[in-house]
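Note sheet for the following structure.
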Amino acid sequence: MKILLPVAGKGTRLRPHTHTKAKSLVHVAGKTVLEHIISRLIPLNATEFLFITDDNGCQVQEFMQCVFPNLNCRYIVQKDRKGPAHAVSLASPYINKGDDLLIVFNDTIFDADLTRIPSLCDGCDGLIYSKEVEDYQRFGVNVVRDGIIVDMVEKPDTLISKLAQVGLYYLKDGLSFMEYLEKTIHACETVKGEYYLPAVFMRMIRDGLKFRAPEIDAWLDCGTPETLLQTNSYLLAGRHHNHGEVVDSVLIEPVHIEKGAVVRGSILGPNVSVAAGSVVEASILKETIVNSDSHVSNIVLHHSILGDCVHLIGGTRRMNIGDHSHIEMEG
């Protein structure tokens with residue numbers, strides 16, 4: 001199996017945190033989003049990880065070499081922004097006959113047992129992982145009949161299906177999929193000038209290929225500050241890890257403090273994560289993420305996200321602060 005991860009994109013919904021870093025490298029629950037995803041993929045024993053990157057690709061490459069040095073990775077730069085299907089097509093030269101392919105988009109962290117792929121895909125050509133949602137109007141949905149996908153509708157106005165596509169796709173024949181992708185691009189099947197995967201899958205379905213829509217256990221959005229904090233709370237539930245230095249402080253579970261972080265004279269929790277290199281002193285934090293190498297002092301924070309290298313000193317506020325900020329508040 002080869003695993004394809006499109007990690008390009010500016011992550012505009014997550015600004016200011018993505019002004020200076022790839023969106024997949026934002027921290028949540030003690031790890032980057034990318035580390036959460038890769039950790040879930042390692043049991044598949046993939047022969048190669050293919051990353052589609054942009055001008056932040058060097059950050060992703062450095063991270064993978066540091067945290068997952070034993071994985072076989074290839075990095076492909078997407079120079080033109082023509083949509084997610086176009087990004088996937090850039091990996092075509094590296095998909096060979098006999099390769100099965102897993103495509104994982106990085107806006108969400110998923111909970112699913114991917115080792116069940118062979119049994120789930122028995123008797124069909126691929127899997128388009130899904131999750132039942134109430135706000136189906138916001139998503140592309142799968143229409144299923146007798147366990148097989150018969151149609152896909154983008155942001156339906158009426159209730160056709162609640163099975164939203166979650167950005168996780170498995171193709172039993174990766175090379176054939178790439179050929180269908182090339183046909184779709186050659187036919188200029190675009191939406192507002194961009195290429196999307198549903199057009200590819202519908203072309204395959206019309207030709208008689210069969211896809212199932214297994215549901216994942218959890219679909220954790222990391223695309224906005226609000227949903228990132230919700231995901232932080234979900235992932236911390238039942239986990240309380242203190243690997244740092246905590247002095248004269250109270251930790252209200254769950255809290256995750258990385259090795260190399262320092263907490264002094266503070267109250268943290270619930271649902272707080274503090275990354276390595278950061279110092280929190282004389283402060284009260286709840287429902288908050290503190291990224292690497294930041295200094296927080298004499299402040300009360302809730303439902304807040306602090307980027308890397310933030311200096312925050314002052315009174316009670318709600319914050320959404322990007323990397324390399326320096327803020328002092330008097331009174």
TODO: Evaluate the charge dipole of the stretch 239-328 about its Cα centre and quote only its size in Debye, nearest 20, assuming +1 on the Cβ of each Lys and Arg and -1 on the Cβ of each Asp and Glu.
DONE: 220 debye
- [ ] Please identify, among G193, G57, G314, the residue showing maximal mean-square fluctuation in a Gaussian network model of the chain using a 10 angstrom Cα cutoff.
- [x] G193
TODO: With a point put 7 Å past each Cα toward its Cβ, work out how far I327 is from E182 in nm, to one decimal.
DONE: 5.1 nm
- [ ] Quick one: dipole size for the stretch 41-165, taken about the Cα centre, charges +1 on Lys/Arg Cβ and -1 on Asp/Glu Cβ, in debye to the nearest 20.
- [x] 240 debye
- [ ] Under 15 Å from the Cβ of Q165, count the other residues' Cβ atoms, weight Lys and Arg +1, Asp and Glu -1, and hand me the total.
- [x] -2
Task: Tilt relative to the chain, helix 57-67 - C-alpha long axis, 0 to 90 degrees, to 10 - done: 70 degrees
Task: Full-stretch length increase - R81, T190 - with 0.36 nm per residue and alpha-carbon distance subtracted - done: 38.0 nm
Open item on the list: Per DSSP helix of 4 or more residues, -39500 (n - 2.57); summed, then divided by the residues of the chain. What does that give at 222 nm, rounded to the nearest 500?
Closed with: -5500 deg cm²/dmol
- [ ] Between N320 and R203, take the C-beta separation as r, use R0 = 41 Å, and let me know the FRET efficiency to the nearest 0.05.
- [x] 0.50
Task: Cross-link pairs K31/K97; K97/K192; K172/K192; K23/K131 - those with Cα-Cα distance over 28 Å - done: K31/K97; K97/K192; K172/K192
Open item on the list: Quick check: the angle from helix 174-186's long axis to the longest principal axis of the chain, C-alpha only, nearest 10 degrees?
Closed with: 80 degrees
Task: Cα→Cβ-extended label distance, 7 Å offset, between N45 and S119, nm - done: 1.8 nm
TODO: Give, rounded to the nearest 20 debye, the magnitude of the charge dipole that the chain has about its Cα centre when Lys and Arg contribute +1 at Cβ and Asp and Glu contribute -1 at Cβ.
DONE: 420 debye
Open item on the list: Which order do the peptides 299-306, 232-239 come out in when sorted by mean C-beta neighbours inside 10 angstrom, highest first?
Closed with: 299-306, 232-239
TODO: Measure nothing but the geometry: give the 0 to 90° angle between the long axis through the Cα atoms of 197-206 and the longest principal axis through the Cα atoms of the chain, rounded to 10°.
DONE: 30 degrees
Open item on the list: Quick check: the distance between the Cα centres of the stretch 30-62 and the stretch 194-256, to the nearest angstrom?
Closed with: 15 Å
Task: Extended-chain gain in nm, criterion 0.36 nm per residue less alpha-carbon gap, K210 and H302 - done: 28.4 nm
Open item on the list: Using Cβ contacts closer than 10 Å as the measure, can you line up S39, S278 from fewest to most?
Closed with: S39, S278
- [ ] Could you tell me which of Y180, P214, V141 has its Cα farthest along the dipole of the stretch 2-231 towards the positive end, charges placed at Cβ (Lys, Arg +1; Asp, Glu -1), taken about the Cα centre?
- [x] Y180
- [ ] Along Cα→Cβ, 7 Å out, is where each label goes; now give me the distance between the ones at A218 and R264 in nm to one decimal.
- [x] 3.5 nm
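Read the figures in this text as sums done on the coordinates, not as results from a lab. Source: prediction; values computed, not measured. Quick reminder, even Gly has a Cβ in these numbers, built from the backbone with ideal geometry, and neighbours come from all protein chains shown.
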